[in-house]
Amino acid sequence: MSSQPYGSAIHPVMNGDSIIIGLSTGGTGYGDPVEREASSVERDVVKGLVSYEVARDVYGVVVDPATNQIDEAATAEARADLVAARLARGVPYDEFVASWSERKPDDAILTHFGSWPDGAVVTPLMRP
């Protein structure tokens, strides 16, 4: 078995150097987690792909650990609570843009990714 991370490849080049290419084919999914079919979340919990806590806190699906069955009333309440919490943290668009535009990454990070806010090269990526 390879010790490489899943989805990565090591390609030897000149003078013993290697280029490591990492790939990610996974993702967070499509759509609002609160709108995912509860039975699909339940199935993922039973398979051990999603914890009981993630099912409740992210998807708003409450699965009883003793029976591995959905608690319909608790699920409806959890989903309503998640939506209410989102609405409570929401701000008008103009207010969001104003605060977001004031944020700036740390200078130590920008040395690798460019200047702020124009993204001009600060440190060349490849050196001779």
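Values quoted throughout were computed directly from the atomic coordinates according to the rules given, and no laboratory measurement underlies them. Treat the numbers as computed from the prediction; the structure is a model and nothing was measured. Because the Cβ atoms are built from the backbone with ideal geometry, glycine has one as well, and the counts that use them run over all protein chains shown.
Please identify the GluC sites (Glu not before Pro) of the range 28-128 that satisfy two criteria: DSSP loop assignment and at most 10 other Cβ atoms within 10 Å. Which are they? Write down the numbers at each step before the final one.
Details: sites: Glu35, Glu37, Glu42, Glu53, Glu72, Glu77, Glu95, Glu102; in loops: Glu37.
Answer by residue number: Glu37.
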³J(HN,Hα) across the range 101-108 via Karplus (A = 6.51, B = -1.76, C = 1.60, θ = phi - 60°), whole Hz, x for Gly/Pro?
-> 5, 7, 6, 9, x, 4, 4, 4
Using 0.36 nm per residue of separation minus the Cα-Cα distance, give me the extension gain between Gln69 and Trp100 in nm, one decimal.
-> 7.0 nm
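Once the other residues with Cβ under 15 Å from the Cβ of Ala85 are scored (Lys, Arg +1; Asp, Glu -1), what is the net sum? Kindly include the intermediate steps, with their values, before the conclusion.
Values: positive: Arg56, Arg79, Arg86, Arg89; negative: Asp32, Asp57, Glu77, Asp81.
Surrounding charge for Ala85 is 0.
Report the FRET efficiency, 1/(1 + (r/R0)^6), for Glu37 and Thr123, where r is their Cβ-Cβ distance and R0 is 41 Å, rounded to 0.05.
Values: r = 47 Å, r/R0 = 1.15.
That gives a FRET efficiency of 0.30.
Apply 1/(1 + (r/R0)^6) to the Cβ-Cβ distance of Val91 and Val54, taking R0 = 30 Å, and write down the FRET efficiency to the nearest 0.05. Walk me through the numbers before you get to the answer.
On the way: r = 27 Å, r/R0 = 0.89.
It comes to 0.65.
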Please give the length that would be gained between Phe113 and Asn15 if that part of the chain were fully extended, namely 0.36 nm times their separation in residues minus their C-alpha to C-alpha distance (nm, one decimal).
-> 32.5 nm
Tell me, what ³J(HN,Hα) does each residue in the range 54-71 have, in order and in whole Hz, if you take phi through Karplus 6.51 cos²θ - 1.76 cosθ + 1.60 with θ = phi - 60° and put x for Gly and Pro?
-> 5, 4, 6, 7, 9, 9, x, 10, 9, 10, 6, x, 6, 10, 6, 10, 6, 8
